Structures are given as C-alpha cells and as structure tokens.
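Scroll down for the structure; my scribbles are underneath it.
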There are 4 protein chains.
Amino acid sequence: MTRSRNLGGLLEQFRGTSIQARNLGRCLEVWENALTDPKRPTIFLGLAGPLIAAGLRKVLRDLIDWGLVDVVVSTGAVLYQDLYQTIGGQHWMGTPTADDVQLRELYLDRIYDTYVDELKFEETDRAIGKVTEEFPPRPASSREYLGFLGKRFSSAESILATAARRGVPVFSPALIDSSIGIGLTLHYQATRRRKERFLLDAVRDNYELVQILAASPRTAVVYVGGGTPKNWINDGIVMANYAFGREGEGHYYALQLTTDVPHWGGLSGSTLDEAQSWGKIAKTATRSMAHVEASIGLPLLAGALWDRRKVWKGRPRLRFTWDGDQVSVRRVRS
Amino acid sequence: MTRSRNLGGLLEQFRGTSIQARNLGRCLEVWENALTDPKRPTIFLGLAGPLIAAGLRKVLRDLIDWGLVDVVVSTGAVLYQDLYQTIGGQHWMGTPTADDVQLRELYLDRIYDTYVDELKFEETDRAIGKVTEEFPPRPASSREYLGFLGKRFSSAESILATAARRGVPVFSPALIDSSIGIGLTLHYQATRRRKERFLLDAVRDNYELVQILAASPRTAVVYVGGGTPKNWINDGIVMANYAFGREGEGHYYALQLTTDVPHWGGLSGSTLDEAQSWGKIAKTATRSMAHVEASIGLPLLAGALWDRRKVWKGRPRLRFTWDGDQVSVRRVRS
Amino acid sequence: MTRSRNLGGLLEQFRGTSIQARNLGRCLEVWENALTDPKRPTIFLGLAGPLIAAGLRKVLRDLIDWGLVDVVVSTGAVLYQDLYQTIGGQHWMGTPTADDVQLRELYLDRIYDTYVDELKFEETDRAIGKVTEEFPPRPASSREYLGFLGKRFSSAESILATAARRGVPVFSPALIDSSIGIGLTLHYQATRRRKERFLLDAVRDNYELVQILAASPRTAVVYVGGGTPKNWINDGIVMANYAFGREGEGHYYALQLTTDVPHWGGLSGSTLDEAQSWGKIAKTATRSMAHVEASIGLPLLAGALWDRRKVWKGRPRLRFTWDGDQVSVRRVRS
Amino acid sequence: MTRSRNLGGLLEQFRGTSIQARNLGRCLEVWENALTDPKRPTIFLGLAGPLIAAGLRKVLRDLIDWGLVDVVVSTGAVLYQDLYQTIGGQHWMGTPTADDVQLRELYLDRIYDTYVDELKFEETDRAIGKVTEEFPPRPASSREYLGFLGKRFSSAESILATAARRGVPVFSPALIDSSIGIGLTLHYQATRRRKERFLLDAVRDNYELVQILAASPRTAVVYVGGGTPKNWINDGIVMANYAFGREGEGHYYALQLTTDVPHWGGLSGSTLDEAQSWGKIAKTATRSMAHVEASIGLPLLAGALWDRRKVWKGRPRLRFTWDGDQVSVRRVRS
C-alpha cells in the first residue's frame, strides 16, 4: 500500500486488500455504481445509531447537500439530536466510565462517551412542541411533519433543514420512539379532545414510500447501521409489489456499514445475501457490507466520494411533488 | 459446580460463577426480586430479534400465561410471525449457507438458519387485511389493534392470543415496520378516501404507555434484545414525568439478554448503568445484562422461573380497563 | 418447547430450534457421534479463555475424569489458575467496573468480574519454581513437564492432577506465555550456566502430537474458545501428513464454543468450514460452532453429556506409553 | 468535520468526535506521546491476526523501517506469511462464501476472503527447513532464530528482513504454533538423535525480554489484535519485576486496535484499565483501545504518523548487542 494522499486513493487501495478494508472499498464502488448507473437509481439512505453523538452530523448533511442520496429514512433519535444542535445544544466529550448516578445529578445524559445537556433537551422538546401547534390539524405522515420541522428549524448545518431545502424527503417510521415522540405525546395530551387535530398517520408513511419505489426504475440502499430504517426500506419492495402489482426487482445496489453480526439471526446483521431470498435485494445486485463502526467508516466513505467527485458531479436530482399523500417524481438538473 | 438436575438449580449455580453465566444468574435474581417486591412493580417485557425463528414462541407465550409480565412491547416482526404460525405457517430448519437466489425461486425466505414460506406469508397478509376490515373505522393505538388481532386469531399457543385472553396489553410502536405494516398499507390504499377509516394513531401508544407508568408505584423491565422496545420503554419514564409531572424514579429493576455491545455507542448495547444518567433506570435499581443470544438464554431463564415457581405463585395480576385512550389499572387475584 | 427436566432434554430440544441454540444442540450431537464412532476417534480438547475465572474448573476436570476427551491442549493461563486453586488460591466475585488502580493497592488482580490474590499468585509461582528444581535436568516437552506438575500438585479437583492420574496428556504449546512461564524464567535465570538443565524443548511438543495423530485412525476436536490450542491442533494434521507421509483426512468431528466471529478474518473465529480448505477438517466431518460464551455453554454441554451417559459409558480409554519423545497408544477398558 | 486532505488531519479530527473514531484518534495521540517522551520509552509492537492476508505487510514493514517501534512480538502466522511472500507466494482475493471442499481440490487454502497457494506453502516450509540446517546446533531463542531467518530471506518488503536489517529484535513466543513450527518439526524429526542440535529454547525468550525491559527507563506497547503477543508483553513486566527486583511501573503508554470485547472476560479484549490492577500498565499511563479491524485501523494510524512525521523524525533508535542470551541496549542516532 503506497502512501496515499487522500481518502479517495486510500479506499481504492482498500479495495485491493482484504477483510473489512476490502469491504469498505467495495462499499465505495457500489455507491459509485449506483451514482453512475444510467437508469439513475433512487438512492435511499438509512440511518440508525448514535450518529450525531459520533460526530457525523456534518458528514450526513453533506451527503444530502451534494445529492448523493435521494430519500432519507432515519430513527427519531438522529433527527432529534440534529434539532437539538440546531437550537444550540452541544455534545460534550465524556467517558464511558463516568459515574452515571453523578451525571444524573448534573443534568447530563450520557451516550456512551458523550454527554448531552438534559436541560437543553427539555428546551428542544418545548421548541418542537410549540412549533407543532402550527402544523395543520389533520392526519399527516412523518415525511410531511419532518419536512415542516426542517423548514422551521432552519440552519445551514442541520440534516433536516438541508433535506427540506433540497427537497429530499425524510421518513421516520418509528418517530414516536424518540424525544420527538415525547414532544408529540405532550401535544396529544393537549389536543386529544379536539375535533380536528394533527395525527401522525403512521401507515401513510408506507403508502408514500411505495409510490416512490413504484416511480423508481431502479433503487439503491445505503445503510448506516441497521434497525428499523434497514428493515423498512427493504420491506418497501414487498409493499410496492403488493400495492402496485409491481414486478420489480429488489434493491439493485446495497451497501451497509454495520457493527452487528449475522450469526445472531437478527435483521440488522443479516447479510445482504439473505435479503435476496426475500426478493428485497435483486439477484444481480452489487452489494457490500463492511463491519466497521460508522464514526470511522462514514467519514472515510464520504471523504472518498468527495475526492472522486468527478465521477458523480452533474448527476440529476429528483424533485418530489406532493399532493396530500400522492407524490410524483421527476428528474431535474443538479 | 455440582451436577444440577434442573434449570432452577443451574442458574442458581451460575449466579456464583463469573462472566456471562453470572450475569444470567443475576438476571433470574433481578426478575424474582421484581416478582416478589411488595410494591408489585409493573413488569414490561420488550421483544426484539428473530425470536419466533429462534423457537421461542412457546416460551414467550408461557411467560405471559404464567403472569410473569404485565405489559408487552414488541417489534412487528415477532407478532407477525406469531400470527403466521397461528394460521398454520411453519419455520423450517435451514442453513445460513444456503443459496439465497435459489431459495427465492422456491418461494422460501431465509431468516439466518430458518426458512419461512413466502406463499404462506402472503396468505397471512391477506388474512390480516381481511380481519382489519372489521376493525372500527376510527383512530386507534397499536395496543387496541393488536388486542383485536389477538382475539380474532385465537390459538392456545399464540403470543398475541394468550395476551388478549389474559388482558395483557401488547404495544408495537414501530408496527408499520413489519409485514403487519404491509397489510395495513394495502388497507390504507383501499380506504384512504373514506371519510371515516381506521388510522393507526401512533402517538396514542405513547399516551397509553405513560398512563400505565403513572399508575405504577414501581416498574421493572425485561428486555429480550434491544431495539425500539427497549428505547421506547425507557423513554416512557421521561414521557411520564413530562406528561404527568411525575417525580417517579426510573425503572427499578432491569434485566436484559443481548448480543449487542456498549462500545458501538448505540442504544441496544448501552449499559443499564448509562440509562441511569438519563433517569430512565433508578439509581438504586437492581439490574443485570447478560450477553447471550436469546435462543439459549431465554429458555434457561424461563425454565428456572418455572422450576422455582413457589417464589412467585399467587402474585396478583393487573387488570387494565380501557375507555377510548384512557386506562385504569388495578390488581386482581391471580 | 416442553418443559424439560434436565440438560440432556434441553439440548435435544435446542437441536430442533434455531440460531445458537440449534448450534449448541448440534455440538452435543457431534460430540456424541465422536464418542460412539466405532473407529474410536482420539478426542482433543482445546482450552482458551478465562475458564477458571468463569467457574469451569470442575466441569473441565469432570470431562477428563469421565473419559470424554483423550488429549488436552491448553493455554498456560488455564493450567496456572488450576494450580493456583490447588494450593488454596481463590477467585473472588468482583465487578468489571472496579477501580483498577485501587485494586492494585489491595494486591488484587482483576479478570473481568473476578479477582485473584496477587500474593497467592506469587506463592504459586514459588511453589512451581521449587518443584521444577526436582525435574530432570534435560530437554523435555510441555507434555512431560505438565504431567510432572500434575503428579506433584495432587488434588481431586484439579484439571492437571486428574489428567495425570488418568494418563491424559496435557500440552501447552505457548506455556511460556503464562505465569507458569514466569516461574520457568526464574528457573532459567538460576540454571542458565549449568551444563545440564531442564529446557522446555517446544518443538518436541509438535513431534509428540504428530505421533498421536499418526496413531489415530480418526480424530475429533472440541474447542472451548479458539486461540493457540485450536490453531495448533488443526495444524497438527498438516504436520502429521508431512512428518509421516500420512494421507489422513483432517479432523473428522469438530465442535467449538466461541465468542469470536469469522468476519474479522482471524483463526479463532474462522469457520470449521474454512478449515476444510486447508484439509485440517475432513470434507465429510460433522461439525458445529456455537456462538455462546463458555461459562454458559460448557456446563450445558457437560451436563447434557452426563444426563445422556448411557450413550458413551464403557467407551474404552487410551493408554499412552511414553519413552523419551516416543509414544505408543493403545485402547484399554474403561 | 471539515474536509481533510490527509490522514494526519483526519485522525486529528477523529480525536474530537466520539466512540471508536475518538478512540482511534487517541491511539495516534498515545503513540506520538510515546515517540516524543524524553525518556525515550522502548516501544513494543504486538502482532496477532490475519495481518498479511489483510494487506498490512508493507505498513508493518514501514513502521519498523521508520523506527516507530523498537521490539516486535508476533504470532508465527504473521511471520510465516511474510516469508511466504518473500519467496514469491501470493495472497489472492477470494470470498468467504467459497466452497471450501472445492478449494481443497484446487490446493487453495482460505483465510476468510483471501486464498493462498497450498503448494507454495509447502515450498516455503521446505525453504525454511533447508535454511534451518545452517543454524548453529545449540539451544537458541526464537529471537535469535528469527533474526537468522530475516537475514537469509532478504527482501526489501519483508517484515522479518527489514527488522533484521534495522536490528529490531523479533520474538515469537508461540512460534511452534505456526507453519514455521511445522518446518521445525521436520527438522526435529531429522535431528533428534544428534548429540548437538538446534533447540528452540522457549524460556530463553522470556529471559531476553526481561533484560530489555530492565534496560528500559520506560515502555510503550502497541497491540494490533491481542492474543499471545499482548499477554506476553504484559506479563513481561511481572517477569522483569521478579527477575530483577525491578520496581518498575507497568507499561506507561498502551494502545490497541482490537475486534475483541471485554465482556467475554478474556485477555485479548480485556481493557487496558484491567491491566492496571495487575500492575502491567502504569497507573498514570495514557492509553486507548480502538475497536476497529486492523485492515482499516492500521493504515489510518500509520498514514497519520507519516503525515505528521515532523513530530518524531530524528528520534534515536535502539541498538541491541547480543552475547549469547545476554543483551545490552543503547541509543544511537537515527
């Protein structure tokens, strides 16, 4: 391995080694294949894990801003901590060997080796709750609600705000399992007797997702971690086939950074091969799963993509036009 | 270690050894402490992972039937595969080294080393869809909907049916991320224009959960795996404090069987100690986290609990009385 | 899963489930196949990991005493802590969150969640050193030296003593990497100038191993953990083929309890399948690798073997007759 | 995280994030502290794992050539595969899902996702065996024997050859557990009756190690993986204290790249904190353990060290003067 000057070169070299370095190099290759495929596959980004605490907020924002992903599916925790930082909340460097009882006294909450401010969390909850009062009092999907939050909490570095600005839809199928869900519970408590009120119509998320899949000649998936985002995006294929009699192949490209393992049998660590038996990943897909924690793996991938941007610069973006729960999708110049 | 004749004795011996055997022995101890605590803590069971494929359906059903848990929070996948078996679907012994492309041809879906029948899955989806048409056309929580499914899909061995029969509420905060969600999507597609239709009002789940917590003088949590169930049940404490100005302690008892690890920073592998900094687990809680896969760990725990049933026989159960989204809770004789 | 009364029944049921429970059930099956195979395969037991701290001393001693293994290959640490307990040293229940600097002050050494007595360790080192002075002043293998220690440190519960009493050879190819090695270093320092002195002739271990393999019509391997024991016993096949022009198949039966994983590429977690490409495991071998920590997995296996002892009772043992570095092997009645 | 142009900048940024990226950044910091400490600590490099297959041969060679390590302790496998490549053997890119039985037919051995040439392996064994005949017929340590091999198998890219050229001692305490051990077994078979023959005097390795430790005012350890190298280098401190009444502190600096975890209780995954209770790591040590596979982590570390070489350029090297089993150590200009 020669001494490489940038991440693009490093990951190219990784491609020719073995074990997880090779898998990471292949992840770059798969992503670039998806970006240059003439069928212009719709690229779904799945996010799970302590990604904001890990320091990945800017990297994720950049991936969206550069147009390297078309749709985002995230746990509520990632989006919440994005908003927390937007209103000024900080993640402090701590240690996993802290005295947690003592941290409680100090109103510090620990996420492995990082601390967040309990009081600032409460402030974030209130800010979200307040803004939610301005949302139309009717059922809506998480996609619509999160787009609304992305516009209200405007910030150049925010994942949600950047997605809203770029028209990239953000879904969170398990949104109620997060601090955003906590705020929504307070909202529910305050509005439950009203004739008309904002309802998180969870199933609508599925319906919107299958339309996007049906409108996509081909799809690609980028999974940071596993969890609900991975499972839901994979399941989308099955839903789309049912709902639209779609005879579509599964996701054509699939890459994942994970710390989970297959032999526990669970979904997060399940191989992209296993997904083929379900038809969720196409039989001819190019795919790669790298066992590396996201705080290390994702900056390497993103940095390499940026170094090699000649490869994908000018790729058309997608414009999503929403009419209630109906969506149409078309390509536009970058 | 003397040769022990039953699982109760085995886990007692484990308690006096080290590493994960000790942790598993302590899990038994924590669970028994929760079962015998005079404050009669409400015990929440969180379920995540390929538990039906792992062969744990009967064990889980038994835990509910014996009254060892009061509330169940599960991923949709576990509940779906429970229904799949209720209508006659089978899990076949397969191998993780199968040719997944070939399995696809055979309409077999692979879950690690187990196969399920794709066609039977579709039959299950349709059965669920059909039954859903009989559900009242209005917003409802997953708890209410799953209770309904538990009554309709009646079977002595079913987790959902046993829970329904015993009045144990079952929540699934991320229900749409499952094959049940697929069925609900078809239902949505068919009913979306109607004035009145069944809506999965996700936030209502949170509201119902916080009432149960507010009504509980003390709580205990048993996590099989981590994921959304663990995060949601932990978050419930925060929600209840907000919603009801509850000054409650966090979960007093906490035990978990997991295959995840803390040093990836994520929630599933986060230590029960870390949760103390968030106030989600009480500072004086007895707790234990055993790193052992559920297919091995849960039968050992359940078998030991059964062998030592003198300890908890006669423990009063909880009766939940639901009125719309309001619930009252009281103890009744076993 | 019906409620099983003993471990034999439990593991039989595990055999019909999935994921690691199935693998553990299959480990039992593989071991029993090896015990009942009419070619009477030589069974090698590989030991690595904090097994004494884990509380497995008696289980391991029993496996040797019952004749379920014919040859033992262990790290020095396991054997050293066996001797430590023989001279009265104890393993105390501690915690992994201890203040290690404080433990140092208290002369307590920590092995994850167990403490051992630093001063008693020094006493053990001296005892070993003293006894070593009585060993013949010439080159010898670890097998011969450990057999000597097993006779000198006599105790009914000791692994080494039981092996010595039963004539089961114990090898430790990396003996110098242990506290026994520390004692041997002091011995070296004291004797290095002598014309004749005891030398640990490491390569002699290999030579003795290949003779045992050459004398075995068939072999079986039981790996608790991986490490040097697993690698060395596997390599033995290659050595035997070279040294004796042996056209033997690889190990016919192979079972392993491990906490390591294949995708890091290393030997400990490497699949028993991978070993087939090296010819170290026979192409038709029955094999099983269970991902479960030994403190949980080994008592289950051993307990099940005992419950089902009708299967293997009466199996002839092997008598090893040593003449210098030459060995002959024959079967004797149990 | 700004877009950084080189690995030095990347790891500096990692230092300010969380989870494993932070740990990796801290590993760089610890290494640089060791390199710039005026007491000029002796730096020990421990090597375990499929490092040559992982593509790390050149990186390891560079670390030695640049003077970033003073002593190497390795498993035999790493050194053997280094020699295999020196005589022209190749590692081919394969796949972990290969048919291992078929590979056997093709004389290909698999190391996870890499293949090596069985026939070339045999050629390497013979080459080693032949050269060994020229080694003096007397007891010797692995350090002396490996230095001899490093001179005979001369190659600019070889780890062993570069170490020999630079006078960096290479130890392999478990050398017999490797293909080099296989060659030594053949040698043993051929020479066992001779009055004088080359003996691998394993304990001599320990004796040489403790002298180096006793001659070091301070020490630092860099562990790639864990295993025997980590355990032996840590134990060295205890041996040195015994053997030389050394009241030395433990290793002052410690950094490790690992894929193992602490909660299995074993040595490889044991925390550098735990080693403090044994006195093997100084109470005031700076230390960091990054959970990342070496194929990804080591090139990042090495690349960053090179980018930031101003920090350590000009650091004096150590010259080891061997007289039989006695060694003296002094600093020389780089």
Inset, instruction - Quick one: in the range A:320-329, of everything that is touching a strand residue (DSSP E or B) at 6+ places or on another chain (Cβ under 7 Å) and loosely packed, with under 14 Cβ neighbours inside 10 Å, which residue is nearest to the other protein chains (Cβ to nearest Cβ)? - result: A:S328
Legend entry - the range C:286-314, residues that are touching a residue at least 40 places away in the same chain (Cβ under 8 Å) and among the basic types (K, R): C:R287, C:R308, C:R309
Inset, instruction - Taking D:R317 as the residue in question, decide whether it is out of contact with any helix residue (DSSP H, G or I) (no Cβ under 9 Å at 6 or more places or on another chain), in contact (Cβ under 8 Å) with a residue 24 or more places away in the chain and more than 14 Å from chain A (Cβ to nearest Cβ). - result: no
Legend entry - Qualifying residue in the range A:130-152 (condition: crowded, with 23+ Cβ neighbours inside 10 Å, of a type in the set (S, T, N, Q), part of a helix (DSSP H, G or I) and more than 9 Å from every other protein chain (Cβ to nearest Cβ)): no
Inset, instruction - Select, from C:R204, C:R192, the only residue that is facing another protein chain (nearest Cβ under 10 Å), over 20 Å from the mean Cα position of the chain (by Cα) and not aliphatic (A, V, I, L, M). - result: C:R192
Inset, instruction - Of the numbered conditions (1) over 15 Å from A:I128 (Cβ atoms); (2) more than 12 Å from every other protein chain (Cβ to nearest Cβ), A:V210 fails exactly one; give the number of that condition. - result: (2)
Legend entry - Where A:G8 falls short, out of the listed (1) more than 13 Å from chain D (Cβ to nearest Cβ); (2) at pLDDT 90 or above; (3) surrounded by fewer than 24 Cβ atoms within 10 Å (Cβ to Cβ): (1)
Inset, instruction - Working carefully through the options C:T228, C:T219, C:T271, C:T185, find the one that is over 25 Å from D:L184 (Cα atoms) and not aliphatic (A, V, I, L, M). - result: C:T271
Legend entry - The one condition in (1) without any contact (Cβ under 8 Å) to a residue 60 or more places away in the chain; (2) over 19 Å from the mean Cα position of the chain (by Cα) that B:V210 fails to fulfil: (2)
Inset, instruction - Tell me, please, whether a residue that is within 27 Å of D:S158 (Cβ to Cβ) and facing chain A (nearest Cβ under 8 Å) can be found in the range D:85-98. - result: yes
Legend entry - Out of D:T219, D:T228, D:T258, sole residue that is buried (at least 24 other Cβ atoms within 10 Å of the Cβ), in contact (Cβ under 8 Å) with a residue 12 or more places away in the chain, among the β-branched types (V, I, T) and more than 26 Å from C:G225 (Cα to Cα): D:T219
Legend entry - Index of the failed condition, A:I159 passing every other in (1) surrounded by 24 or more Cβ atoms within 10 Å (Cβ to Cβ); (2) under 27 Å from B:A240 (Cα atoms); (3) modelled with pLDDT of 95 or more: (2)
Legend entry - Filter result for A:S155 (out of contact with any strand residue (DSSP E or B) (no Cβ under 9 Å at 6 or more places or on another chain), more than 9 Å from every other protein chain (Cβ to nearest Cβ) and either in contact (Cβ under 8 Å) with a residue 40 or more places away in the chain or of a type in the set (D, E) (or both)): yes
Legend entry - helices (runs of 4 or more DSSP H) contained in the range A:227-310 and holding at least 3 residues under 19 Å from the mean Cα position of the chain (by Cα) and more than 14 Å from chain D (Cβ to nearest Cβ): A:227-244
Inset, instruction - Please work out if B:L108 is within 12 Å of chain A (Cβ to nearest Cβ) and within 22 Å of A:D205 (Cβ to Cβ). - result: no
Legend entry - Residue match in the range B:241-263 (condition: more than 22 Å from B:L28 (Cα to Cα) and among the aliphatic types (A, V, I, L, M)): yes
Legend entry - Residues of the range D:33-50 classified as part of a strand (DSSP E or B) and of a type outside the set (V, I, T), total: 4
Legend entry - Selection from the range C:172-200 of residues that are of a type in the set (D, E, K, R) and in contact with a helix residue (DSSP H, G or I) (Cβ under 8 Å, 6 or more places away or on another chain): C:D177, C:R192, C:R197
Inset, instruction - Select from the range A:178-232 the residues that are of a type in the set (D, E) and closer than 30 Å to B:W264 by Cα and list them in ascending order. - result: A:D205
Inset, instruction - Could you tell me whether the range B:162-170 includes any residue that is closer than 23 Å to A:G76 by Cα, more than 10 Å from chain A (Cβ to nearest Cβ) and touching a residue at least 24 places away in the same chain (Cβ under 8 Å)? - result: yes
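The values are calculated or read from the model by the stated rules, or taken from the named source; none is laboratory data. Every value quoted in this text rests on a predicted model; they were computed, and no experiment measured them. All Cβ positions, even for glycine, are placed from backbone atoms using ideal geometry, and neighbour counts span all protein chains on display.
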